[in-house]
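The values are calculated or read from the model by the stated rules, or taken from the named source; none is laboratory data. All figures in this text were calculated on a predicted structure; none of them were measured in a lab. Cβ placement follows ideal geometry from the backbone for every residue including glycine, while neighbour counts extend to all protein chains displayed.
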Amino acid sequence: MLNVHLVPHTHDDVGWLKTVDQYFYGGRNDIQHAGVQYILDSVVGQLLQNPERRFIYVETAFFYRWWKNQPPSMQKAVRQLVDQGRLEFVNGGWCMSDEATTHYSAVIDQMTLGLRFLNDTFGPCGRPRVAWHIDPFGHAREHASMFAQMGYDGFFFGRLDYQDRTNRIRTLEQELLWRASESLEPPYADLFTGILPNGYNPPKGFCWDQSCDDAPIMDDPDLEDYNVDDVVQRFAAAANSQAMAYKTKHIIMTMGSDFQYENANLWYKNLDKLIRYVNTRQANGSQINVLYSTPSCYLQELHRANLTWTLKTDDFFPYADDAHNFWTGYFTSRPALKRYERVSNGRLQTCNQLEVLGGPSSRKGPFGAGDSETLREAMAVAQHHDAVSGTEKQHVANDYARRLANGWQHCQVVVSNSLAALSGSSAGRIYCDNLNVSACPLTEKQIHNPIHKETLPVNASAYTVLDATGTPVDCQVSVCFRPQLVNYLPTYARYQEYFFNRVCVCVCVCVCQFVRATFDPATGLLDSLTNLETQQTIRLTQNFYWYNASDGKSSISDQASGAYIFRPNSSSPFIISCTAETESIQTPELQEVRQQFGPWVSQVIRLHSNSKALEMEWTVGPVPDPPRYHSPALSRLQTLEVTSWSHRKDFRPTWDLRQTEPVAGNYYPINSRAYIKDDKDQLTVVTDRSQGGSSIHDGSLEIMLHRRLLHDDWRGVGEPLNEMSGVFPLGLVVRGRLLLSLTPPALAADAHRPLAQENVLQPLLSFTEGGPPPGSLLEVCALVGFSGLQAALPPAVHLLTLSQWGQDSLLIRLEHQFQTKESKEHSVPFTVNLQVYTQYTHICTWEPLGTHIHTLFPSQSIINLFMVYLIGKDSVRRPTDNSYPMQGS
């Protein structure tokens, strides 16, 4: 028999055309008719009517909201449905995250949030066994590796490149084994992966939602419109056609789509009839058997088939749905939101750690009640594939940012309370959230706790700066360079203050003990880069360009560039300016070359005294109106010495590519860094947010910085990507930072992985108002320095997570940051004895639970450790060995 697994489902975006709240409640139906609360109400009611029916649900953020509003009787009924396997959770994260623009640490957090709720609420029967990413726009092997390590049995998705799909249909390779890590021994990161036949929609002609136009099954033979025979015949044809593209006698059909099942009776009444009438034909020799099913049941049948599956080791980027439709623009879309999400991730980790170190008083202390949960949920929502990706409507993007800001307000209270508890000082804390535009009212008036190697806006020309012990620290004050922001800022400082602990003797512009950068005096552009430690020098130029975006009026294709799709109308970008107006500053602590390329593009290239990377702070915007500048803007690096050619240019490892877009078809997501290299040199660029980039030409590396478009790309969002506001009425101004480093390839990982990690999780700055009392700065705080560790972790080991896990336990995640063979020194197993690193404090007492030693192997993403700690002597019972919940991922 050909077994057809019907999977009733709904795809509920956690924000897209409407906000999260509007989608849940069914608000703003003038934009899109969708109300998730009614979907869940309706589905549960229909499942209770017929024990054969099944349904899968994905987005825990919505289900959690719905569940909280249900009476005990309904909760009991739902638990029974889950226990019976008739309501099955798949994926299980707070949302269905994007895979190109998310950082893995934030993805792990949002998956934890959703999975923990399901586990606490439904136990083992609520555990999702299948990862389900039916809508993200391309798929990363790192996500597959994480899913494998999380214990999923399989992974299903809907979108892949149209040429790749055609090839896989021909070769029966739409189901495969994804070996998602080069470092982890198989099968540790192996994951069965299936490509769904219709994206995530039903076969054509079999959609029975209130939003669909297909005819229902009319089964009264006395009616003129009786259509059972036609429906059965068409369904048999669809099933047999689909079966020709898959290996086994089991096929899957997704019966549902975006926000469907608000009136679940429509779907289930017709699905009941479809199953009955198709299966009745078996008495007449039909070989088709139809059943209600779930992805895990379907996967179980594939496992029982005991076949050998094709092996894949690369990723599924970039994604194109037609010859000129590459979904590579969203790698950069809404760059300010992408940066805000990355900053918010760092703030959340700081909040989590200080909540632990500060103990109960961090949540209810001298500055009131605070929590980390609000920001944790906001960050989880921001991982959605229409959130940080930048593919949502403008009012929805504003809502994501508002949620992050609100979460940070809650965390500020936690941080302030914790710092007060740890330091013994009740001085208020101030957080300057606009430092990226040189605005901080407090520091513009006075400064009282300078931060090592940091830049702050001030309004005087000289300061005396003291460190935590009261010792003077070298500092430098210089006139700030912010010409294009002056008209937009309500307040801005004239000077910028730099604080350092080391002094470097300058020998020329932009030279310190580790790096030298030279500039062409005729053009003002970067000319060369030298690593003084390794004595490597390359000729290197850098400039800004823009691609003229397609407006959809081409004779080749009517596809326009938009929030999703990047489609330039030429293969060569236009240069913004061949020269830059420059000025330079040289001091013992800091050297800068300030470049102005035009009224809307500028850059500050700087070296701090002890830097090992060249910092390039760019400011782009507002991108001028068309006709000339209708475009994305990019920064391009070009060197003749590094003769690398991208190994992925016009090439796909598993199929023969027919390239139709030489630029857009060679763009890839850059999550934290990108590099070009040959046998001698590696040039690495570390980014401060997710961006798109490419190596179009030999020895070149370009990174897209900003996008402004006046046409929609017809992928559903329904508006152009043209960000403006009251602050930026002429268009969005974006500022960011690239870190540039030159090393031998063998030493690159040792230098760049820590650099990228520091750039992802930057330290949180807080300030106290009011000068120190007479005497010493030590009189301000009882404790001016504190570490949560009593010894430094090995360089290859990173404390990924330290957060509260209930009242009596903590969640600690350690990760090995290096891949196998990536570093001679660090690509080896490290053994970590937790007792060496924990310490006793006056707030939180950690009870030793024996010697807990764990070995982390290269590229082992996560080790989850749960450690019970005590507040007071008798508040928590010491667990026995059997109850101690320690586990590997």
| Matching entry among 658, 652 (being in contact with an Asp or Glu (Cβ under 9 Å, 6 or more places away or on another chain) and among the charged types (D, E, K, R)) | 652
| remark: Restricting attention to the range 785-811, the residues that are closer than 19 Å to residue 758 by Cα and under 25 Å from the mean Cα position of the chain (by Cα) number exactly 8
| Qualifying position, being at pLDDT 50 or above and in contact with a Ser or Thr (Cβ under 8 Å, 6 or more places away or on another chain), among 440, 432 | 432
| note | For the range 187-210 the number of residues that are of a type outside the set (Asp, Glu), within 26 Å of the chain's Cα centre (by Cα) and over 21 Å from residue 250 (Cα atoms) is 3
| said: Please determine whether any residue of the range 631-651 is part of a loop (DSSP other than H, G, I, E, B), more than 29 Å from residue 519 (Cα to Cα), in the same structural domain as residue 721 (by TED's automatic domain parsing) and among the basic types (Lys, Arg). | reply: yes
| message | Can you pull out every residue in the range 136-178 that is closer than 21 Å to residue 250 by Cα, buried (at least 18 other Cβ atoms within 10 Å of the Cβ) and among the hydroxyl-bearing types (Ser, Thr, Tyr)? | response | 152
| request: Would you check if residue 595 is of a type in the set (S, T, N, Q), touching a Lys or Arg at 6+ places or on another chain (Cβ under 7 Å), touching a residue at least 60 places away in the same chain (Cβ under 8 Å) and assigned by TED's automatic domain parsing to the domain that holds residue 719? | output: no
| note | Reported set for the range 120-139 where residues are outside the structural domain of residue 11 (by TED's automatic domain parsing) and aromatic (Phe, Trp, Tyr) is 122
| Would you pick out the residues in the range 641-661 that are among the acidic types (Asp, Glu) and surrounded by 15 or more Cβ atoms within 10 Å (Cβ to Cβ)? | 641, 661
| field | Identity of the residue in the range 598-614, touching a Lys or Arg at 6+ places or on another chain (Cβ under 7 Å) and crowded, with 18+ Cβ neighbours inside 10 Å, that ends up farthest from residue 697 (Cα to Cα) | value | 609
| task | For the range 822-842, indicate whether the set of residues that are touching a helix residue (DSSP H, G or I) at 6+ places or on another chain (Cβ under 8 Å), surrounded by 15 or more Cβ atoms within 10 Å (Cβ to Cβ) and modelled with pLDDT under 85 is non-empty. | result | yes
| Is at least one residue of the range 662-676 at pLDDT 90 or above and surrounded by fewer than 16 Cβ atoms within 10 Å (Cβ to Cβ)? | yes
| query | What are the residues in the range 3-24 that are part of a loop (DSSP other than H, G, I, E, B), out of contact with any strand residue (DSSP E or B) (no Cβ under 9 Å at 6 or more places or on another chain) and among the hydrophobic types (A, V, I, L, M, F, W, C), if any? | reply | 17
| Does any residue in the range 53-75 that is farther than 20 Å from residue 97 by Cα and touching a residue at least 60 places away in the same chain (Cβ under 8 Å) come within less than 8 Å, Cβ to Cβ, of a residue that is surrounded by fewer than 22 Cβ atoms within 10 Å (Cβ to Cβ) and charged (D, E, K, R) six or more places away or on a different chain, and which pairs are these? | 53/86; 53/272; 54/86; 55/86
| field | Criterion (closer than 30 Å to residue 312 by Cβ and more than 26 Å from the chain's Cα centre (by Cα)) met by exactly one of 579, 660, 639 | value | 660
| field | Top-ranked residue in the range 410-437 [being closer than 20 Å to residue 352 by Cα and β-branched (Val, Ile, Thr); ranked as surrounded by the fewest Cβ atoms within 10 Å (Cβ to Cβ)] | value | 430
| field | Unique match (being surrounded by fewer than 23 Cβ atoms within 10 Å (Cβ to Cβ) and touching a Ser or Thr at 6+ places or on another chain (Cβ under 9 Å)) among 372, 361 | value | 361
| said: Please go through (1) in contact with a His (Cβ under 6 Å, 6 or more places away or on another chain); (2) part of a helix (DSSP H, G or I) for residue 252 and return the number of the only condition it doesn't satisfy. | reply: (2)
| said: Need the failing condition index for residue 572 against (1) at pLDDT below 90; (2) loosely packed, with under 15 Cβ neighbours inside 10 Å; (3) of a type in the set (Ser, Thr, Tyr), just the number. | reply: (1)
| query | Going by the structure shown, is residue 266 free of Cβ contacts under 8 Å to residues at least 60 places away in the same chain, crowded, with 16+ Cβ neighbours inside 10 Å and in a helix (DSSP H, G or I)? | reply | yes
| query | Mind checking which pairs have a first residue in the range 822-848 that is outside any loop (DSSP other than H, G, I, E, B) and a second that is surrounded by 13 or more Cβ atoms within 10 Å (Cβ to Cβ) and modelled with pLDDT under 85, Cβ under 6 Å, 6 or more apart or different chains? | reply | 830/856; 832/854; 834/852; 845/870
| Out of all the residues in the range 477-490, is one or more among the aliphatic types (A, V, I, L, M), modelled with pLDDT under 50 and crowded, with 19+ Cβ neighbours inside 10 Å? | yes
| field | Scan of the range 216-250 for residues that are touching a strand residue (DSSP E or B) at 6+ places or on another chain (Cβ under 7 Å), charged (D, E, K, R) and surrounded by 15 or more Cβ atoms within 10 Å (Cβ to Cβ), ordered by number | value | 247
| task | Read through the list (1) free of Cβ contacts under 8 Å to residues at least 24 places away in the same chain; (2) aliphatic (A, V, I, L, M); (3) closer than 27 Å to residue 129 by Cβ, then give the number of the only condition that residue 215 fails. | result | (3)
| task | Check off (1) under 30 Å from residue 714 (Cα atoms); (2) not in a strand (DSSP E or B) for residue 577 and give me the number that stays unchecked. | result | (1)
